[in-house]
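*Asks:* Can you keep this structure in mind? I'll have questions shortly.
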Amino acid sequence: YFNGSSTTFQVGDTNSLDITSAITMEAWVKPVGISNSVNYMVMNKETSYELWIVNGYWNFALNGTSSGWQGVNTGVAALVDQWQHIAVVRAANQNAVAIYFNGTFTDTATADTAGTGNLYNSNQPFQIGSRSGTAGSGFSTFFKGEIDEVRLFNVARTADEIKSDMNTYGPVNAPGLVIYCLLYTSPS
């Protein structure tokens, strides 16, 4: 459970977290009482890639430069106080990102400032439940609610793989899997 003010999970930067082309971000989340004035960060590697809820909608960002990113609203509304599965997939050298909600393809969006190029390779830590540009401090944009089954891949997962991921724990050895984090052992 993430309390919305101080709870976070952080991993220091490693080479495997430096995803530069294809990427898949996915997680099970249960946000509590979504407020339009608060951002709810699910996962973040500052100035590289992130997935969060803002103004009640799922957003992602993929940065292709060191000078900034904007973020993309998926148009998919986050469900309040309900478990939901979200996945964002970008193939290498593509300006299109596929969005999956509860295992169903919903739409495509542009790849933010990454365009068809590579993602920016930052030296920032990877976080679940917040964002920070500094290892061990400076946290903000805290998530309030529960997060489980965080998966980060350096490949573009297919629609069938997204559906399979949504309905199974693991596997921890899937091709391209960079992070698999089981945070909650008995979702209700």
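*Asks:* Is at least one residue of region 75-88 farther than 27 Å from Thr7 by Cβ and open to solvent by 40 Å² or more (accessible area, probe 1.4 Å)?
*Replies:* Looking for residues that are farther than 27 Å from Thr7 by Cβ and open to solvent by 40 Å² or more (accessible area, probe 1.4 Å), one finds at least one in region 75-88, hence yes.
*Asks:* Identify, from the list Tyr169, Tyr100, Tyr180, the residue that is of a type outside the set (Gly, Ala, Ser) and more than 15 Å from the chain's Cα centre (by Cα).
*Replies:* Going through Tyr169, Tyr100, Tyr180 in turn, just one is of a type outside the set (Gly, Ala, Ser) and more than 15 Å from the chain's Cα centre (by Cα): Tyr169.
*Asks:* Checking Asn123 against (1) open to solvent by less than 10 Å² (accessible area, probe 1.4 Å); (2) more than 14 Å from Leu62 (Cβ to Cβ); (3) at pLDDT 90 or above; (4) touching an Asp or Glu at 6+ places or on another chain (Cβ under 7 Å), which test does it fail?
*Replies:* (1) is the only condition that Asn123 fails.
*Asks:* Check off (1) touching a residue at least 12 places away in the same chain (Cβ under 8 Å); (2) surrounded by fewer than 17 Cβ atoms within 10 Å (Cβ to Cβ); (3) closer than 25 Å to Asn102 by Cα; (4) not basic (Lys, Arg) for Gly4 and give me the number that stays unchecked.
*Replies:* Evaluating Gly4 over (1) touching a residue at least 12 places away in the same chain (Cβ under 8 Å); (2) surrounded by fewer than 17 Cβ atoms within 10 Å (Cβ to Cβ); (3) closer than 25 Å to Asn102 by Cα; (4) not basic (Lys, Arg) leaves (2) as the failure.
Here's the yes/no breakdown for (1) among the charged types (D, E, K, R); (2) over 22 Å from Thr134 (Cα atoms); (3) in contact with a helix residue (DSSP H, G or I) (Cβ under 7 Å, 6 or more places away or on another chain):
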| residue | (1), (2), (3) |
| --- | --- |
| Thr20 | no, no, no |
| Ala27 | no, yes, no |
| Ser35 | no, yes, no |
| Asn39 | no, no, no |
| Phe60 | no, no, no |
| Gly71 | no, no, yes |
| Ala77 | no, yes, no |
| Ile86 | no, yes, no |
| Arg90 | yes, yes, no |
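The values are calculated or read from the model by the stated rules, or taken from the named source; none is laboratory data. Just so we're clear, the structure is a prediction, and the values are computed from it rather than from any experiment. Glycine gets a Cβ as well: all are built from the backbone with ideal geometry, and neighbour counts include every protein chain shown. Note: accessible area is taken over every heavy atom of the protein model, side chains too, but ligands, DNA and RNA are not part of it. Shrake-Rupley method; radii C 1.70, N 1.55, O 1.52, S 1.80 Å.
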